[in-house]
1. Carbon and sulfur: what percent of region 74-136's accessible surface (1.4 Å probe)?
2. In square angstrom, what is the accessible area per residue of region 22-113 with a 1.4 angstrom probe?
3. Enumerate the calculated ³J(HN,Hα) couplings along region 126-138 in order (Karplus 6.51 cos²θ - 1.76 cosθ + 1.60, θ = phi - 60°), each rounded to whole Hz, writing x wherever the residue is Gly or Pro.
4. Given a 1.4 Å probe and every protein chain left where it sits, what share in percent of the accessible area of region 1-58 is carbon and sulfur?
5. Taking the Cβ-Cβ separation of Ser71 and Asp138 as r and a Förster radius of 35 Å, what is the calculated FRET efficiency to the nearest 0.05?
6. With the convex hull built on the Cα atoms of region 36-162, state its orientation-averaged projected area in nm².
7. Of Ile81, Thr3, Val95, which is farthest along the charge dipole of region 1-123 in the positive direction, counting Lys and Arg as +1 and Asp and Glu as -1 at C-beta?
8. When you count, for each residue, the other Cβ atoms within 10 Å and take the mean per peptide, how do 45-54, 113-122 rank with the highest first?
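The values are calculated or read from the model by the stated rules, or taken from the named source; none is laboratory data. Quantities reported herein were computed from a predicted structural model and do not represent experimental measurements. We place every Cβ from the backbone using ideal geometry, glycine too, and count neighbours over all the protein chains shown. Accessible surface is based on the protein model in full, side chains and every heavy atom, while ligands, DNA and RNA are left aside. Shrake-Rupley method; radii C 1.70, N 1.55, O 1.52, S 1.80 Å.
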Amino acid sequence: MTTNFDFLKKVDKNLFEIISDAERLYRDEYFEQCMTQTRRFGEHVCKKVLGTNRTTENTFDDMLATLKDCSTGRAEEQEFITDLYYLKKHGNSAVHSSSVRKDGITALECLKRAFETAISYCVYYKGKSQDILKLQYDTELLVTAKKNKSLSEKYTEAKQKAEKQKRTKPSDTTIKVKKRTKQQHILKAQKPDKFKLSFYWIFVGISFFISLLVFMFMFFSIKFGN
């Protein structure tokens, strides 16, 4: 199943599994559990980033405090830490809530913050390609688990479809040939029958015979009458 975090799979499979579960929980409308899972994801990321700098820190709060102390002040680091604090805050709120809340908006924001955290972790802490920074969270993919096609993919499909329709459309020449063939069939159907043709020639023969008799009668009358 495709997720928004597929880029993380080859970097850290364990982190990928944790956040993939969070997306599945959201898809099934378990929003509080989703937020709890994103908090778990954030805590594990924080622990991995601290590495050897982590000594006696056991809680998420302690680790975040140490991470903040180790920060060099870069904007990327500040944003990374801010996202982790957000995940911790809303994850804790979901865990300690006395009633079930269908807070899909906050759960979605937690997933987006986890997404940005995962990108920063891959690029700035694991040295992966900065092309990952171009990725954007796809809400449609979250809901349907089907990758949304890019503009270039949609354009290519539309172009291929148009070319296919052009190849299958009959040409003008083909249409004209079909029309001529139909006309030829009509002409064959209108051919005179044999009876009408025979009657015509019989009439001509009889007329000729009568004319011949009249001529002979007149010839003999003139010859012998004199």
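1. Carbon and sulfur: 48 percent of the exposed surface of region 74-136.
2. Working: 4990 Å² over 92 residues.
Accessible area per residue, region 22-113: 54 Å².
3. Running phi through 6.51 cos²θ - 1.76 cosθ + 1.60 with θ = phi - 60° gives 10, x, 7, 4, 6, 4, 4, 5, 7, 5, 10, 5, 9 Hz.
4. Roughly 42 percent of what the probe reaches on region 1-58 is carbon or sulfur.
5. So the FRET efficiency works out to roughly 0.70.
6. Numbers: hull surface 40.9 nm².
Projected area, direction-averaged: 10.2 nm².
7. Thr3
8. Details: 45-54: 15.7, 113-122: 23.2.
Ranking the peptides 45-54, 113-122 by packing returns 113-122, 45-54.
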